[in-house]
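Just so it is clear, none of the values below were taken in a lab; they were calculated from the coordinates. Please read these numbers as outputs of a predicted model, since none were measured by experiment. Positions of Cβ are generated from backbone atoms using ideal geometry, with glycine treated the same way; all protein chains shown enter the neighbour counts.
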Amino acid sequence: QKEVEQNSGPLSVPEGAIASLNCTYSDRGSQSFFWYRQYSGKSPELIMSIYSNGDKEDGRFTAQLNKASQYVSLLIRDSQPSDSATYLCAARNSGYSTLTFGKGTMLLVSP
Amino acid sequence: EAQVTQNPRYLITVTGKKLTVTCSQNMNHEYMSWYRQDPGLGLRQIYYSMNVEVTDKGDVPEGYKVSRKEKRNFPLILESPSPNQTSLYFCASSSRGGGSTDTQYFGPGTRLTVL
């Protein structure tokens with residue numbers, strides 16, 4: 001069974017710090033990885049996608065993928081209180097469009 | 001504006017009363033999906049559709065039905081709702097069904113309470 005594991009948190013960081021969110025996945029056939037941000041009661045919103053080993057940067061966000069270790073991470077630099085949300089990691093096999101989601105990590109950024 | 005819409009956004013109903021939650025997307029996406037989200041359980045897929053007239057079960061299909069008669073619409077049907085179907089439901093869509101790099105867009109959610 002395909003699983004995506006995340007620490008539920010909450011992860012608490014002060015404003016301006018780097019928040020590091022981690023995710024592991026069980027299916028070695030997973031090819032694509034996504035980070036979604038979800039505010040309470042709202043729909044998930046895509047932040048980053050990553051398909052190749054290494055780092056991918058977009059503004060304050062950096063996604064990191066290590067397929068050998070089956071590990072994905074999201075770094076948020078200069079964290080802001082508005083970043084406080086639950087972050088969902090998701091994985092997908094090539095050839096399928098079904099996403100497997102982790103249960104999410106709650107991030108709290110204190111002013 | 002590219003979007004996925006769901007209706008109703010909030011619904012309180014009683015056990016056994018059939019209901020339909022509609023989902024529509026205006027992005028010409030082939031792939032559509034329904035999820036439910038419950039505290040501590042995360043997002044779980046109910047059904048998905050790779051294209052018109054093609055649907056398949058996700059992880060938690062029991063008690064639900066879907067249809068895909070048109071590309072843009074993917075309604076979720078609860079023939080006889082029960083209290084354990086009280087949840088937050090999301091519809092999602094993406095392009096190039098079967099591809100590995102599609103971005104999945106979510107609707108705003110439907111909060112369903114079954115008494």
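Points to keep in mind about this one:
- For A:Ile76, net neighbour charge (Lys/Arg +1, Asp/Glu -1) across residues whose Cβ lies under 9 Å away: 0
- Computed from label points 7 Å out along Cα-Cβ, the spacing between A:Lys67 and A:Ile18 is 2.5 nm.
- Between B:Leu11 and B:Asp56, the distance separating the two model label sites (each 7 Å from Cα on the Cα→Cβ line) works out to 2.6 nm.
- Estimated dipole of the protein assembly as shown in Debye, rounded to 20 [Cβ of Lys and Arg +1, of Asp and Glu -1, Cα centre]: 540
- In chain A, lysine pairs closer than 23 Å at Cα, eight or more apart or cross-chain: 6
- Residue order, fewest to most beta carbons within 10 Å, for B:Leu41, B:Leu76, A:Leu99, A:Leu11: B:Leu41, A:Leu11, B:Leu76, A:Leu99
- Calculated diffusion of the stretch A:1-93, Stokes-Einstein form, Kirkwood radius summed over Cα pairs, 4 °C and 1.567 mPa s, µm²/s: 96
- Counted charge near A:Phe61, where neighbours are those whose Cβ lies closer than 13 Å (Asp, Glu -1; Lys, Arg +1): -2
- Neighbouring partner chain Cβ atoms per residue of B:62-70, average, 10 Å criterion: 0
- Across chain A, the relative contact order, built from alpha-carbon pairs under 8 Å that are at least six residues apart, equals 38 percent.
- For the stretch B:5-115, diffusion coefficient by Stokes-Einstein and Kirkwood Rh (Cα), 25 °C, 0.890 mPa s, µm²/s: 177
- Relative contact order %, chain B, counting alpha carbon pairs below 8 Å whose residues are six or more apart: 36
- DSSP beta bridges confined to the stretch B:1-51 are antiparallel in about 100 percent of cases.
- Cα-derived Rg to Rh of the protein assembly as shown, Kirkwood definition: 0.97
- Applying both filters, DSSP loop and at most 16 other Cβ atoms within 10 Å, to the GluC sites (Glu not before Pro) of the stretch A:1-101 gives A:Glu3, A:Glu15.
- Net charge over other residues, Cβ less than 15 angstrom from the Cβ of B:Ile46 (K, R count +1; D, E count -1): 0
- Pairwise label distance in nanometres, B:Ala2 with A:Asn7, each label 7 Å out on the Cα-Cβ vector: 3.4
- Across peptide B:105-115, the average count of Cβ atoms from other chains found within 10 Å of a residue's Cβ is 2.
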